[in-house]
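Reviewing the structure listed below.
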Amino acid sequence: MVTEILPVNGQSLLKAKKIIEGGGAVAFPTETVYGLGANALDGNAVDKIFEIKGRPNDNPLIVHVHKDFDIESLVYDIPDYAKKLAKRFLPGPLTMVYKSRMTVASAVSCGLDTLAIRVPSHPDAQKFLKFLNLPIAAPSANVSKHVSPVTAEHVFSDLNGKIPLILDGGKCSCGIESTVLDCTGEIPVVLRSGLVSREMIEQTVGACGEYAYKQGAPARSPGMKYKHYSPTCRTSLYFEDEADKAVAEYLSETGKGNRAYILCDDKTAQKLNVGNILNLGSSPEQMAANLYAELREGEKTADIIIAVAPNDDSGVMRGVLNRLTKACRGQ
Ligand code: AMP
Ligand code: MG
């Protein structure tokens, strides 16, 4: 199969529509990461997504809809706090989990009685979803467990020959996956952290919980069980206060003739006296936007990426830290 990369316009949207209505999958840009979308109403099309990615079939998919889509046709029991949050943060990088009406194919939720819904803000995602006017099931458009794609080229390097079309909307501005929020209880509960932080949710609706997955237990958000976001080279991880250990490992690796990179924020980069740096920038938002692009750039030439993570676990940094530790916690 030939994989085309096209900008979003009338012609490419017609192609995308034909593919999706024919039961195929198309990669499309969102503000978080690129998605691999298929018709959520078509069970065979949804199965294809799992096949193409090599995704475990108990890790449910998020359904993407345009901003005027009637989500009450898909889910019910939408609490008042969720309506407030939707008003403040949607369209945007916040996925909300509700009770499912089971109108989409059961494979989307892998048999759960809930459904995760997202309304992306990327203008090209909105154009694509509006043009199709269908609920589109979409995980990230990468091979399962690899680093999520934030450019059309990243999608191409993972899925070339496996999908017919990649809609190119430039580099994703957020850079990490959406916040996933369980909206089926008395108060919202963060299942996966992202650019809409727990603090921002608390400021809007007063209370917000956070779910911590324990190894071996059944997961409220099944994706938590899996290894994720890993580059193809070796990795290791240190925190800011042990940066000297990161430098020691860097020197030991380069001494052995290996190509090592230190991945860190700008402040740490200025302090460390090493040649090969993957610089994530300064603010948590910049770090989120750069993380996957730097991991994918690094893995092209590095034998090992040595991450130095900030000691800050609040706000947006929490999401960055979650992805960084999953990607670099050694292999
Ligand atoms: P990905 O599509 O790879 O960005 O991952 C989607 C994330 O959303 C995974 O962590 C899933 O476990 C989570 N998710 C999707 N649907 C549900 C649901 N119905 N309930 C809880 N978590 C969900
Ligand atoms: Mg993913």
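The values are calculated or read from the model by the stated rules, or taken from the named source; none is laboratory data. Remember, it's a predicted structure, so these values are computed and weren't measured experimentally. Quick reminder, even Gly has a Cβ in these numbers, built from the backbone with ideal geometry, and neighbours come from all protein chains shown. The area values use the complete protein model at the heavy-atom level, side chains included, leaving out ligands, DNA and RNA. Shrake-Rupley method; radii C 1.70, N 1.55, O 1.52, S 1.80 Å.
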> For T235, which sequence-distant residues (separation of 5 or more, or a different chain) have an amide H within less than 5 Å of its own amide H, given hydrogens modelled in the peptide plane?
Replying inline: I305, G330, Q331
> Kirkwood hydrodynamic radius (Cα pairs, Å) of the chain?
Replying inline: 20.3
> For the cross-link pairs K15/K48; K17/K67; K83/K326, which exceed 30 Å when the distance is taken from alpha carbon to alpha carbon?
Replying inline: K83/K326
> Where is the GNM fluctuation largest for the chain (alpha-carbon springs, 10 angstrom cutoff): S178, S282, S109?
Replying inline: S282
>> Treating only the Cβ of Lys, Arg, Asp and Glu as charged (+1, +1, -1, -1), what charge dipole size does the stretch 1-108 show about its Cα centre? Round to the nearest 20 debye.
In response: 240
> Once amide H atoms are placed 1.01 Å from N in the peptide plane, what residues at a sequence separation of 5 or more from G209, or on another chain, have their amide H within under 5 Å of its amide H?
Replying inline: V189, V190
>> Sort T179, T114, T254 by heavy-atom solvent-accessible area, probe 1.4 angstrom, most to least.
In response: T254, T114, T179
>> Tell me the carbon and sulfur percent of the accessible area for the stretch 63-132, rounded to whole percent, probe radius 1.4 Å.
In response: 53
> On average, how much accessible surface per residue is there in the chain, in Å², for a 1.4 Å probe, leaving out ligands, DNA and RNA?
Replying inline: 42
> Want the number for K84 to S282: 0.36 nm per residue separation, take away the alpha-carbon distance, what's left?
Replying inline: 68.2 nm
> If you bin every alpha carbon distance in the stretch 232-278 into 10 Å steps from zero, what whole percent lands in each bin?
Replying inline: 26, 62, 12
> So how much slack lies between E21 and S157, counting 0.36 nm per residue of separation and subtracting their Cα-Cα distance, in nm?
Replying inline: 46.4 nm
> Whose amide H sits under 5 Å from the amide H of A40, counting only residues 5 or more places off or on another chain, with H placed in the peptide plane?
Replying inline: I136, A137
